[in-house]
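The values are calculated or read from the model by the stated rules, or taken from the named source; none is laboratory data. Quick caveat: nothing in here was measured; it's all calculated off a predicted structure. Quick reminder, even Gly has a Cβ in these numbers, built from the backbone with ideal geometry, and neighbours come from all protein chains shown. Surface accessibility is based on the protein's heavy atoms, side chains included, excluding ligands, DNA and RNA. Shrake-Rupley method; radii C 1.70, N 1.55, O 1.52, S 1.80 Å.
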Amino acid sequence: MTNISLKLAETISSNGIKAVYGEPVEIDGTTIVPVAAVQYGFGAGSGGEAGEEDAPGGAGGGGVSIPFGAYVSDERGVHFRPNLITLLIVGIPFVWVAGHAWSRVIKALKK
């Protein structure tokens, strides 16, 4: 059963940079390359003794892709255009945690 998870991991790892940077798309002289954070996970196991062929087992996996933005190449040069929704999703919890931590530091300094 573990051979299946190893084969899946090898297939995913062979994609490498292609999984993070999408294929370039050209629209009206502007080239766009999408950028995303990609994460995969796989696991497998069996319930039998070592060497048993018919032991029950299972395998599973999953992945997530978060679009961060795109590199845009136009007449002004190459620049990164962030995905504003992703920035908000990441930024709001960060600002909340930073504010909460800062308030505790201020309370501790007042004592």
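Restricting the search to segment 24-40, which residues are in contact with a strand residue (DSSP E or B) (Cβ under 8 Å, 6 or more places away or on another chain) and open to solvent by 40 Å² or more (accessible area, probe 1.4 Å)? Within segment 24-40, P24, V25, E26, G29, T31, I32, P34, V38, Q39, Y40 meet the criteria.
Residue pairs whose Cβ atoms lie under 6 Å apart, sitting 6 or more positions apart in sequence or on different chains, and linking a residue in segment 24-39 that is under 16 Å from R81 (Cβ atoms) and free of Cβ contacts under 8 Å to residues at least 60 places away in the same chain to a partner that is open to solvent by less than 40 Å² (accessible area, probe 1.4 Å) and among the acidic types (D, E), are T30/D74. Kindly indicate whether V95 is part of a strand (DSSP E or B), free of Cβ contacts under 8 Å to residues at least 40 places away in the same chain, open to solvent by 90 Å² or more (accessible area, probe 1.4 Å) and not acidic (D, E). So V95 fails the test.
Please count how many residues of segment 72-92 are of a type outside the set (G, A, S), over 23 Å from T31 (Cα atoms) and open to solvent by less than 100 Å² (accessible area, probe 1.4 Å). Walk me through how you get there before you give the answer.
Our first condition is that a residue be of a type outside the set (G, A, S); within segment 72-92, this holds for 72, 74-76, 78-90, 92.
Okay, now just the ones that are also over 23 Å from T31 (Cα atoms), so 88-90, 92.
In the following step, the residues that additionally are open to solvent by less than 100 Å² (accessible area, probe 1.4 Å) were identified as 90.
Adding up the residues that qualify gives 1.
Looking at G61, G69, just one residue is touching a residue at least 12 places away in the same chain (Cβ under 8 Å), under 27 Å from G41 (Cα atoms), in contact with a Leu (Cβ under 7 Å, 6 or more places away or on another chain) and surrounded by 10 or more Cβ atoms within 10 Å (Cβ to Cβ), and that residue is G61.
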